[in-house]
Structure formats: structure tokens, C-alpha cells
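Scroll down for the structure; my scribbles are underneath it.
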Amino acid sequence: MNTVTTTSSPVRARPWQAILVGGLIAGTLDLISAYIAYGWNVPRGIAAGLLGPGARQGGLGVYVLGICLHFFIALSAATVFYLASRKLGFMIQHPVVSGMFFGIGLFLS
């Protein structure tokens with residue numbers, strides 16, 4: 001006698017995993033494109049937004065701070081995208097298109 005039993009286990013949402021992966025991917029790709037377009041001093045320019053123009057002549061600490069700030073911004077944007085997608089169903093149904101328009105809007109802001 002063959003019996004097939006199926007158990008339906010609800011899929012647990014892992015918002016922090018989605019935010020972390022999305023933010024790290026977006027931040028890495030954005031930083032690579034900034035390096036290509038503007039050179040290796042981009043993180044110092046990012047840190048200058050917090051520390052002032054003198055940060056552009058800063059050392060390794062300022063450089064690392066700029067990278068950390070960059071990924072903080074990317075993870076914050078991923079969090080906003082995730083939270084918006086919970087309210088706007090089309091963002092889940094069309095994640096690539098929604099992500100592209102979200103990224104364009106973020107870039108222009």
C-alpha cells in the first residue's frame with residue numbers, strides 16, 4: 001500500500017537575509033562602477049559628506065569609513081525597497097523591473 005503524505009509547511013520569511021544579500025550586491029556593484037567612473041578615491045569622497053572636505057586628503061581610516069558609509073546607504077536602500085515591497089504587491093510580482101526603477105530613483109535623488 002502506497003500512501004503519499006504531504007505536509008504543508010509555511011515558508012518563513014527571512015527579511016534580514018533578503019535585505020543583507022540585496023544590499024551587499026547593490027553596494028558592491030555600485031562601488032565597482034564608481035571606481036571605474038571616478039577612480040579609487042571614491043570612498044574618501046563619500047566620507048567627506050560626513051566629515052567635510054578635508055576628508056579627501058584622509059588616510060586609510062577615512063577610506064574605510066567611506067566604504068562602511070557606502071554599504072550602510074546600500075543596506076538602508078535595500079531595507080526601504082523590502083518594506084515598500086510588502087505594501088506594494090507589484091514590486092514582488094516584478095522584482096527586476098521594480099528594482100531597476102527603484103535604483104534609478106535612488107540615483108536621481
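Where a number appears in this text, it was derived from the coordinates with a stated rule and is not lab data. If you're wondering where the values come from, they're calculated on a predicted model, not measured in any experiment.
Shown in residue order for region 64-79 are the 3J(HN,Hα) couplings computed by the Karplus curve 6.51 cos²θ - 1.76 cosθ + 1.60 at θ = phi - 60°: 5, 4, x, 5, 5, 4, 4, 6, 4, 5, 5, 5, 5, 5, 5, 5 Hz (x for Gly and Pro).
From its DSSP helices (H runs of at least four residues, each -39,500 (n - 2.57)), the chain gives a residue-normalised ellipticity at 222 nm of -24500 deg cm²/dmol. Which whole-number percent is the relative contact order of region 17-108 (Cα, under 8 Å, 6+ apart)? Reported relative contact order: 30 percent.
Under a no-solvent Debye model with one identical scatterer per Cα of the chain, what's log10 I(q)/I(0) at q = 0.10, 0.11, 0.12 Å⁻¹? Debye output, listed in q order: -0.41, -0.47, -0.54.
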